[in-house]
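Okay, so here's the structure we're looking at.
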Amino acid sequence: MTQPATAESTLPGIPGREANDDGPATDVVGRTLPDYPAPAPLADHGPARVVAMCNQKGGVGKTTTTINLGAALAECGRKVLLVDFDPQGAASVGVGVSPHDLDLSVYNLIMERDVELADVVRPTRIDGLDVVPANIDLSAAEVQLVGEVARESVLSRALRPALDEYDLVLVDCQPSLGLLTVNALTAANGVLIPLECEFFALRGVALLVETIDKVRDRLNPDLAVDGILPTMFDSRTLHSREVVQRVHEAFGDTLLHTVIGRTVKFPDASVAAEPITAYAPSHAGAAAYRHLARELVARGSSR
């Protein structure tokens, strides 16, 4: 049975086999687990890499990953902008911004020419982490954008001023493959795909990859898949391990080494409107997202 790795082999909270006399630490699918160093400090900020957090299935950990990855990168001295691009506004709530109290949101940013990014950005309680909040108004944009010229590029234009000020822009997409998600993919340099370790979640990845290929072909030739991130992993079940193995067989090293385990601390942190790195900094879930931040920096998917 797969056992959680210990601090002797890697960061705590990363499922896999710990280092022993038989060899180095390995990840869930048996690959050698690299020792990712702490990211070096940055002398200045920008140009930002834009990463879309995307999966058309809901409840797979997109928002949780957006918030906690952003906070983990901010801990490393990176300046991070979260863009809540889901009308539910969950990412906004998760960093302490109430969607009901917004005078301006990402809807105004993309639909009103006299609204600039600086008018909408809000700081969070995490140093180095800002947010462009969203609320239910954003749901109207999907319909209103249909008649616009270059409708797929409105988010890209709106985010242009952020590129010189931030190191990473994380866009939390809604659970669909509609026009808002296409906008996020058009604006992005890379896509991070959180994947719940459950069979039905696995079935939708092929459709998502097909959509990414179409956007790359027609709208954004530089778009890359930065990685597939297994979430809600339960090391006690054979099913979780089989799903991750199937992803590795289909997508190879696009599967990240980092795996996010299932824990009640994530919803607890959401209720507290804090990233888990602030709510429970010594918890295995916080360690997993710090490991993810290091892995993405090492892969070149973040500065």
Quiz item: If you take the residues of the range 158-198 that are of a type in the set (S, T, N, Q) and outside any helix (DSSP H, G or I), which of them is modelled with the lowest pLDDT?
Solution: Ser176
Practice problem: Name, by its number, the condition in (1) crowded, with 22+ Cβ neighbours inside 10 Å; (2) touching a residue at least 40 places away in the same chain (Cβ under 8 Å) that does not hold for Leu117. | Solution: (1)
Practice problem: Given the conditions (1) out of contact with any Phe, Trp or Tyr (no Cβ under 9 Å at 6 or more places or on another chain); (2) closer than 30 Å to Leu42 by Cα; (3) basic (Lys, Arg), report the number of the one that Arg203 does not fulfil. | Solution: (2)
Practice problem: Answer with yes or no whether Arg241 is at pLDDT 95 or above, charged (D, E, K, R) and buried (at least 16 other Cβ atoms within 10 Å of the Cβ). | Solution: no
Exercise. Please indicate, with yes or no, whether at least one residue in the range 22-30 is surrounded by fewer than 24 Cβ atoms within 10 Å (Cβ to Cβ), within 30 Å of Thr181 (Cα to Cα), in contact with a helix residue (DSSP H, G or I) (Cβ under 7 Å, 6 or more places away or on another chain) and modelled with pLDDT under 95.
Key: no
Quiz prompt | Lone qualifier among Val297, Val264 - being β-branched (Val, Ile, Thr), at negative phi and within 16 Å of the chain's Cα centre (by Cα) | solution = Val297
Quiz item: Which of the residues spanning the range 171-220 are among the hydroxyl-bearing types (Ser, Thr, Tyr) and touching a strand residue (DSSP E or B) at 6+ places or on another chain (Cβ under 6 Å)?
Solution: Thr181
Quiz item: Hey, which of the helices (runs of 4 or more DSSP H) in the range 264-303, taking only ones fully inside, have at least 3 residues that are surrounded by 24 or more Cβ atoms within 10 Å (Cβ to Cβ)?
Solution: 284-299
Quiz prompt | Residue under evaluation Thr65, criteria (1) assigned to a helix (DSSP H, G or I); (2) surrounded by fewer than 20 Cβ atoms within 10 Å (Cβ to Cβ), criterion not met | solution = (2)
Quiz item: Under the condition of being in a helix (DSSP H, G or I) and of a type in the set (Gly, Ala, Ser), which residue from the range 121-157 is nearest to the chain's Cα centre (by Cα)?
Solution: Ser156
Quiz item: In the range 145-154, what residues are buried (at least 16 other Cβ atoms within 10 Å of the Cβ), of a type in the set (A, V, I, L, M, F, W, C) and within 13 Å of Leu219 (Cα to Cα)?
Solution: Val154
Quiz item: Any idea which of Glu249, Glu242 is under 19 Å from Val60 (Cα atoms), outside any loop (DSSP other than H, G, I, E, B) and free of Cβ contacts under 8 Å to residues at least 40 places away in the same chain?
Solution: Glu242
Exercise. Could you grab the pairs with beta carbons closer than 9 Å, sequence gap of 6+ or different chains, first residue in the range 70-81 and farther than 13 Å from Ala48 by Cβ, second one assigned to a strand (DSSP E or B)?
Key: Ala71/Val80; Ala71/Leu129; Ala74/Val80; Ala74/Leu129
Self-check item: Condition met for Ala201 (aliphatic (A, V, I, L, M), assigned to a helix (DSSP H, G or I), under 16 Å from Ala48 (Cα atoms) and in contact (Cβ under 8 Å) with a residue 24 or more places away in the chain)
Solution: no
Exercise. Sort through Thr258, Thr263 and tell me the only one that's without any contact (Cβ under 8 Å) to a residue 40 or more places away in the chain and either in contact with a Gly (Cβ under 6 Å, 6 or more places away or on another chain) or more than 16 Å from Asn55 (Cα to Cα) (or both).
Key: Thr263
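The values are calculated or read from the model by the stated rules, or taken from the named source; none is laboratory data. Given the structure is predicted, the values throughout are model-derived calculations rather than measurements. Don't worry about glycine lacking a Cβ; one is built from the backbone with ideal geometry, like all the others, and counts go over all protein chains shown.
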